[in-house]
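*Asks:* Take a look at the following structure, please.
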Amino acid sequence: LKAYIKETFKQIGGLKPAMGWDTVDELLCKFYNWKVVTDKSLHVKHLKPTGANYNKTARYKQGEAFYSLGYGFWITAIASAKLAMMKKKPLLFIDYIQGFWKAKSAKKPMLVNPEQAKFIRKYRLQKMKEKLF
């Protein structure tokens, strides 16, 4: 469940009709210096698990989403390894990387502009360093 201040919603360009919409909105809020708040007191019941409607062709979609968020290869590789291990399916790493390269070689449209992508990479690297050190 997400709620936005109207001005914020307009500034981030609304919700993107693509996989990764629920990440890019938060990253763009940070890019525009909006505060993102999680209210853990709200209780929401999800009626379908994340990814429940995905089929075999969707296995590359995560890598495509990482590309469209402007992650670049190295952040995609790290995020892919982490996600594959969290799902306890290490071979998903290969699918995610292939999805990234397919999207890049096809020059798929990005969800962010170059300036936003640079901010996102810097932000992601900063968060990774914080977790390591």
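The values are calculated or read from the model by the stated rules, or taken from the named source; none is laboratory data. Note that this is a predicted model, so its numbers are computed, not measured. As a convention, Cβ positions derive from the backbone with ideal geometry for all residues, glycine included, and neighbour counts pool all protein chains shown. Note: areas computed on protein heavy atoms with side chains; ligands, DNA, RNA excluded. Shrake-Rupley method; radii C 1.70, N 1.55, O 1.52, S 1.80 Å.
*Asks:* When both residues are 6+ apart or on different chains and their Cβ atoms are under 8 Å apart, which pairs have a first residue that lies in segment 109-133 and is more than 11 Å from VAL24 (Cα to Cα), and a second that is among the small types (Gly, Ala, Ser) and part of a helix (DSSP H, G or I)?
*Replies:* PRO109/SER68; ARG121/GLY72; ARG124/ALA79
*Asks:* Tell me which helices (runs of 4 or more DSSP H) are completely within segment 36-127 and hold 3 or more residues being more than 25 Å from THR8 (Cβ to Cβ) and of a type in the set (Gly, Ala, Ser), or say none if there are none. Can you show your working first?
*Replies:* Working: elements: 61-68, 72-86, 92-105.
Because the criterion is at least 3 residues that are more than 25 Å from THR8 (Cβ to Cβ) and of a type in the set (Gly, Ala, Ser), the helices (runs of 4 or more DSSP H) in segment 36-127 that meet it are 72-86, 92-105.
*Asks:* Please tell me if SER105 is open to solvent by 40 Å² or more (accessible area, probe 1.4 Å), of a type in the set (Ser, Thr, Tyr) and either more than 21 Å from LYS16 (Cβ to Cβ) or at pLDDT 95 or above (or both).
*Replies:* Criteria met by SER105.
*Asks:* Right, another one. Determine if segment 13-20 includes at least one residue that is on the phi < 0 side of the Ramachandran plot, in contact with a helix residue (DSSP H, G or I) (Cβ under 9 Å, 6 or more places away or on another chain) and of a type in the set (Lys, Arg).
*Replies:* Looking through segment 13-20, at least one residue is on the phi < 0 side of the Ramachandran plot, in contact with a helix residue (DSSP H, G or I) (Cβ under 9 Å, 6 or more places away or on another chain) and of a type in the set (Lys, Arg).
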